[in-house]
Structures are given as structure tokens and as C-alpha cells.
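S.K.: So that we are looking at the same thing, I have put the structure below in C-alpha cells.
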């Protein structure tokens, strides 16, 4: 028994294990040093709290005084919002950030293992997973899609397992089951049937022209019939109607992807060589490299890999927010073409090497878990400022540096029913969650449903922020308090702090809180 244990330790404490642990550790560390990145988190919590109180999907405006309270609004990700709220209620912000950090680390750790299996190299698998993680750091946040992309990753794994005959075709029943859940989580639920269609096309090519171009198609020709895949796609489309609004969910998708949004909201804008920042060029160079490698290794080409590449390029080229799905797809589609599969040789390290490897593995695991905000605050994030984090309590290292927590304390003395706040466009969800209870009030100018306010309302927000006719515009909307960023609304901040009709009890270099004289 003791000798068996030693053998297992020897097998675990190898260089291969270190390589496979690397993505998990680096991603856990990287996220562990970041505060909450997305302001949408608070908006999701506000709606999740409403869902918890009413047991229903929100279907109206509720929070904006710039629109009628009963103005129709379709909040499709109601179930993910409820789950985020319940998680926050039970674990607090620090606990939810730990889930974000370790969830992302586990995902890229597993991607590294999977990529290692496909490439035949733990080193290449780890490097590819870290390539995907670079996009993950940019895109993964505590929003409704945090519960959606794991479904995508799970279905992609299942699709490859079925395609390569390592799982029975009836496992494709997971596609409609996942879609039924996904349609209540996030608008990307259409990716499930789209993936099944892509694999169905790959199976069709295997049986027609595939063998002329790829030796792998000869082997895959014995896999599941295309009808399995297209059947899974059709069942998934039907399953997407299992939400409170049925097939109206597709109308919501069309409405939320209008040109105005794509031209004004950065994450909805196309991905180019120069946008977003370095990620645009990194994506296009990675996609081009993948295509070159596939052409170069065409005799080992898997049509499903080419289909997934083409699909991702179309998605990401149209909207940069889909870089999230490229992050978890790229390591897998690239893996078979970066290294020739080889037999795994079991390593038998000597005692000194075994000891060193064990120490490295132990330190890596300690670092990954030690960087998490278990204490309820994140001193490391506050000290290192890798992403601008709050440097004092409450919220030490957990939220962005310009989070107006002090304004919340001052506003809590006010009656929410009479408050009309003008604010930075990032703040509404934060203000709603902290100032309201389960009862909604028309409290904010706009909110994170970017498609809900009219274009005139958005233009009014921008004009007030620039300080253009700000007094008459605020009077028109009966605004009696302002909480906004000094950078986003510098024109307004300069004017309102100099006005005799407004008091600004809290003002700093990041944000101001001003109240109209009564």
C-alpha cells in the first residue's frame, strides 16, 4: 500500500503536472488581484432582488424617471440575475469574487488539460490555455454571461467527445436541455443550436468531400450521422422557448442588437486590428495563425475545428464582447495543429527532482488560493493597483477606485420615493441596489439596459455631462441630486461645484455628490 502511494506521488509530482497546473494558478492569481470590474453586477443584483421578491420576470421600466414606470422592458436573463442575487446575499461581494476567480481558473485549467490531450503536449496545452486566458482577463466578469459561458464550454467538450466516438450520440440530448436553461441566463443561448449545426456540417463533409482533403475524415466518417447533430440543433431551438416569454426571446435579441448600440457601446463594436486595444490585433493574428496551421496540416484537419474557427471569426468580427467565447474556443481548435501527438512517457523523477517538483506544486497551489479575498477584503488588490481598486474600507480592494460608497451613506437619509438622481452612466445599478429595497422606484436617469432609454435620453445625458444647458435640463427632469464621475462628466462637475444653487458635501478627484438647495 505504501509503495502504491509513493508511485502515485511520483506520477503526480512531474514536470507535466506543473505545466498543467500553470493556467489554473496564473488565472487564479490574475483574477485574485482584480476588484469587481463590471458595474453591471449591481444592476443584475437589483433585478435579481426584484425577481426574488415577486417570483416573476421583470417586464417594465421600474427604475428610470425619464420613462413611464410601466414602459415595456424585457429583462431576459432573469434567472441568472436571481442566482447572482442569491449568491451575493449568501456570500457577499468577496465571496462572489472568489467564485469568479476560481471559476475562471478552473475553466482555463481544464482547457489546458484538454488542449494537452489534443496536442499531445502538456507544455503546448498550457501555453494555449494561457493564450485564451489573456482574452478571459479582458472579458470575464460577474455578469449574466458568467453563468452562460460554462454551458458553452461544456457543450463544446461534449460535442468533440461525441464526434470522436468517445461518447454515445444520445449525449447530444444535453444540447436542448442546456439551451432551455441558457435561454433564461443570457442572450447567447443561440450558440447551442449554432454549434450543433457546425458539427452537423462537419459530419456531412466527412461523408461527402471530406476524405479528399483530410485523412481524419475517413476515421470520423464512422461517427454519428449528421441527422443527430441537426436534430440536436432543432430540439435546441424549440427548447429555447422554455422561458417566461416563449419565442419572444428572439424578438428581444433583435431589439438589443440595434445599430445605435453597436455604434455607441464599446463592447458591441466590431473587433478590428486596433480595437479593443491590444486584444484586437491579438485576436486577428491568432485567427490567422490558426488558419495557416490548419492549411499546413490539412491531412489532419478536423472540419469541426475549421467550422468553430469560422464561426468565432464571424462573431468576434461583428462584436468585441464575443472575445469571451474565443477565449475558451481558441486553445481547443489550435491544439491539434501546434504539436504532433505522441505517446505519453511516464516520468520517474529522482528523489531530489521529486522533492523540488512537490515544493513547486505546493507553492503554486498556495499562491492561487492565497491571493483570494477570504477575509472579506482584498489588501493585495488595493496595494498593487493592477486594476484601480478602492484603498480603504469598506470595499477595500473589492471595488473600483471611483466607487461612490460615501455618497450612498449620505443618500440613505433621503426618501427614495422623492429622489431623482443624475449620474455617471456606470453608476445606476450600484445606486439602485444600495438605495432601494424590494420595492422599485423611478430613481435614476438611465440604467444598464442600454437599449431601453431612447436616443434622445442618451443624448441628454451626454449634454448634461458636458455642462451644456445643465441647469435647465436638470430642472426639466426635476433632478435633485447628482452623483457622477469627475472624468466622465467634467463639464457638469466644474459648473455644479461653482453653483450657488447646489451644495456638494462630498467632492474629490474621482467623483462628486451634490444636492440641490431646498
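S.K.: Compute the Cα gyration tensor for the stretch 443-496, then decide on rounded, prolate or oblate, letting a ≥ b ≥ c be the square roots of its eigenvalues: rounded whenever a/c is under 1.5, prolate when a/b is larger than b/c in the other cases, and oblate in all that remain.
M.R.: prolate
S.K.: What is the stretch 59-124 by shape, rounded, prolate or oblate, if you read a ≥ b ≥ c off the alpha carbon gyration tensor as root eigenvalues and call it rounded for a/c under 1.5, prolate for a/b larger than b/c, and oblate otherwise?
M.R.: Here the stretch 59-124 falls in the prolate category.
S.K.: Can I ask one more? Quick one: grab the alpha carbon gyration tensor of the stretch 385-518, order the square roots of its eigenvalues as a ≥ b ≥ c, and give me rounded if a/c is under 1.5, else prolate or oblate depending on whether a/b is larger than b/c.
M.R.: Rounded.
S.K.: Please compute the modelled spin-label separation between residue 211 and residue 437, points set 7 Å along Cα→Cβ, answer in nm with one decimal.
M.R.: Label-label distance for residue 437 and residue 211, simple model: 7.2 nm.
S.K.: While we're here: For the modelled label position 7 Å from the Cα of residue 414 along Cα-to-Cβ, which residues of the stretch 25-66 have backbone nitrogen atoms closer than 19 Å?
M.R.: Label zone hits: 43, 62-66.
S.K.: So, one more: Suppose we keep just the DSSP beta bridges with both residues in the chain; what percent of those would be antiparallel, to 5?
M.R.: 70 percent
S.K.: Normalising by the residue count of the stretch 405-516, find the relative contact order in percent from Cα pairs under 8 Å and 6+ residues apart.
M.R.: Contact order relative to length: 26 percent.
S.K.: Suppose a student asked you for the relative contact order of the chain, using Cα pairs under 8 Å spaced at least 6 residues apart; what percent would you report?
M.R.: Relative contact order, the chain: 21 percent.
S.K.: In deg cm²/dmol and to the nearest 500, what is the mean residue ellipticity at 222 nm of the chain if only DSSP H runs of at least 4 residues count, each as -39500 (n - 2.57), divided by the residue total?
M.R.: Result for the chain, helices only: -18500 deg cm²/dmol.
S.K.: Something else about it: Provide the percentage of antiparallel DSSP beta bridges, counting only those with both residues in the stretch 405-516; round to the nearest 5.
M.R.: Just about 70 percent of them are antiparallel.
S.K.: Between the alpha-carbon centers of the stretch 146-173 and the stretch 70-141, tell me the distance in whole angstrom.
M.R.: Result: 17 Å between the Cα centres.
S.K.: Modelling each spin label as a point 7 Å along the Cα-to-Cβ direction, I'd like the residue 473/residue 173 distance in nm, to one decimal.
M.R.: According to this spin-label approximation, the distance is 5.7 nm.
Every number in this text was worked out from the coordinates using simple rules, so none of it is lab data. Note that the structure is predicted; figures quoted are calculated from it, not measured. A quick note on method: Cβ atoms are made from the backbone with ideal geometry, for glycine too, and the neighbour counts reach across all protein chains shown.
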